[in-house]
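Working notes for the structure below.
The values are calculated or read from the model by the stated rules, or taken from the named source; none is laboratory data. Bear in mind that the values here come from a model prediction, so they are computed numbers and not experimental data. Backbone-built Cβ (ideal geometry, glycine too); neighbour counts: all protein chains shown. Just so you know, the surface numbers come from the protein's heavy atoms only, side chains and all, with ligands and any DNA or RNA stripped out. Shrake-Rupley method; radii C 1.70, N 1.55, O 1.52, S 1.80 Å.
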Amino acid sequence: MRRWGSAGLVIAVMVGGTVLAGCSTVGTCGEAITPGARVIVSVKPWVTEHPETNVRVCVGSECTVGFNDVTVYGAMPSTPFDRGSTVEVEADAVSGSIVVRSMRTTASVVPEGCGQWGAQLTLTADGDLRQ
């Protein structure tokens, strides 16, 4: 019979402490905490209606291209995020290397747990960028 001893106790305390602290989701707490907001934009409605395009999503100078869910980590803010903080989000529909349409909005960021802030948006088939 194997005894866990102090190593098992340390692991149990670490796991229990993480759950009690509200950091039980692997997607947020399993990642490094970034100072910029994590912005996720579902672009699938747009791409389904406009299959000849991909979408480039930018938060500040940080951009990522995709055709389903696009996740962008914005640059470090000049002041720490708090309730009421916002980020500017731009989504460009791109065909080849040509931008065929640009959509912009201001998104409110919310705490996601474990020190990370973020926003979730959808780019509709009509080109509305909604939170």
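Which ranges mark the strands (runs of 3 or more DSSP E) fully within the stretch 88-131 that have 2 or more residues being surrounded by 13 or more Cβ atoms within 10 Å (Cβ to Cβ) and modelled with pLDDT under 95?
Where strands (runs of 3 or more DSSP E) fall fully within the stretch 88-131 and carry at least 2 residues being surrounded by 13 or more Cβ atoms within 10 Å (Cβ to Cβ) and modelled with pLDDT under 95, they are 110-113, 116-123.
For residue 105, all conditions in the list (1) out of contact with any strand residue (DSSP E or B) (no Cβ under 9 Å at 6 or more places or on another chain); (2) free of Cβ contacts under 8 Å to residues at least 40 places away in the same chain hold save one; what is the number of the exception?
Looking at each condition in turn, residue 105 falls short on (1).
Determine if the stretch 57-64 includes at least one residue that is open to solvent by 20 Å² or more (accessible area, probe 1.4 Å), outside any loop (DSSP other than H, G, I, E, B) and within 15 Å of residue 125 (Cα to Cα).
So far as the stretch 57-64 goes, no, none of its residues is open to solvent by 20 Å² or more (accessible area, probe 1.4 Å), outside any loop (DSSP other than H, G, I, E, B) and within 15 Å of residue 125 (Cα to Cα).
Between a first residue in the stretch 41-59 that is of a type in the set (Asp, Glu) and a second residue that is open to solvent by less than 50 Å² (accessible area, probe 1.4 Å), which pairs have beta carbons less than 6 Å apart while being 6 or more apart in sequence or on different chains?
Final answer for the pair search is 49/125; 52/95.
Name every residue in the stretch 79-98 that is of a type in the set (A, V, I, L, M, F, W, C) and touching a residue at least 12 places away in the same chain (Cβ under 8 Å), in order of residue number.
Hits for the stretch 79-98 are 81, 87, 89, 91, 93, 94.
One residue is enough: does the stretch 40-47 have a residue meeting the conditions part of a helix (DSSP H, G or I), hydrophobic (A, V, I, L, M, F, W, C), in contact with a strand residue (DSSP E or B) (Cβ under 8 Å, 6 or more places away or on another chain) and at pLDDT 95 or above?
There is at least one residue in the stretch 40-47 that is part of a helix (DSSP H, G or I), hydrophobic (A, V, I, L, M, F, W, C), in contact with a strand residue (DSSP E or B) (Cβ under 8 Å, 6 or more places away or on another chain) and at pLDDT 95 or above.
Being in a loop (DSSP other than H, G, I, E, B) and either among the charged types (D, E, K, R) or at pLDDT 95 or above (or both) is the filter here, so list the residues in the stretch 69-87 that pass it.
Scanning the stretch 69-87 gives 82, 83.
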